[in-house]
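Asks: Please read through the structure below; I'll follow up with questions.
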Amino acid sequence: MTARGLRIGLASATRLVLLAVSLGVTIALRWVRLFPNNDPIMAVTLPCAKRGRVAALVFPIAAMVLFDVLSQRLGVWTVVTAATYGLLGLGFSYVFSALTKRGRSIGAATFLVSGVVGVLVFDFVTGPVMSSAMFHMSFGEAFVGQIPFTVKHLGSVAVYALVVSPVLDGALRQVEKGEKAIERKLAATGHPA
């Protein structure tokens, strides 16, 4: 195997581990149902968004689709919510990249603010906008009806963003450190990764 092939294989394996860990955390938390509106996807998307555009887009889409398949609720709403989460994740990856370039670190406070903003945007798009379009409701009715749901959603994302996001971010950082250690070992043995 060439050095380039070894590097690509290692990076691919690392990214699969990151995706698997993120999906496992999300699915487990959604099944446990800790909150009335128990939705950890946004809080888990944020550490993924810190790692780049592909992870930021792929993770939330995969999480939404996988959970809907496992819970046998796959449908049009899956497409709407998965696309909305994916686009939000992609947006956060750009924001986090810009913040990092300005010397800002991305931690619990950033995850909390981002989670709140993300939930407000997500609930607006999937609530009043899509409900009025798909279910022929007035925008006003859909907006007012969305408020209690969004309040609960904000509560769950706040807890998850302050607890799960930093812990997952640390775990993902350890996986990345392991990848770098393996690359150094390979380079030392004459197989530059």
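Asks: I need the helices (runs of 4 or more DSSP H) fully contained in segment 53-152, keeping only those with at least 2 residues that are under 19 Å from Gly24 (Cα atoms).
Replies: Those helices (runs of 4 or more DSSP H) span 53-70, 76-101.
Asks: Sticking with this structure for a sec: From (1) without any contact (Cβ under 8 Å) to a residue 40 or more places away in the chain; (2) in contact with a Gly (Cβ under 8 Å, 6 or more places away or on another chain); (3) aromatic (Phe, Trp, Tyr), pick out the condition that doesn't hold for Phe92.
Replies: Of everything listed in (1) without any contact (Cβ under 8 Å) to a residue 40 or more places away in the chain; (2) in contact with a Gly (Cβ under 8 Å, 6 or more places away or on another chain); (3) aromatic (Phe, Trp, Tyr), Phe92 misses just condition (1).
For (1) more than 22 Å from the chain's Cα centre (by Cα); (2) modelled with pLDDT of 90 or more, each residue gets a yes or a no:
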residue	(1), (2)
Ser131	yes, no
Ser138	yes, yes
Gly145	yes, yes
Thr150	no, yes
Ala158	no, yes
Pro166	no, yes
Asp169	no, yes
Arg173	no, no
Lys177	no, no
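Asks: Continuing with the same structure: If you check Gly86, Gly75, Gly52, which single one turns out to be at pLDDT below 90 and either out of contact with any strand residue (DSSP E or B) (no Cβ under 8 Å at 6 or more places or on another chain) or aromatic (Phe, Trp, Tyr) (or both)?
Replies: Gly52
Asks: For segment 102-136, which residues satisfy the criterion of being more than 23 Å from Ala161 (Cβ to Cβ) and exposed (fewer than 15 other Cβ atoms within 10 Å of the Cβ)?
Replies: Hits for segment 102-136 are Ala133, Met134, Phe135, His136.
The values are calculated or read from the model by the stated rules, or taken from the named source; none is laboratory data. In this text, all values refer to a predicted model and were calculated from it rather than measured experimentally. Because the Cβ atoms are built from the backbone with ideal geometry, glycine has one as well, and the counts that use them run over all protein chains shown.
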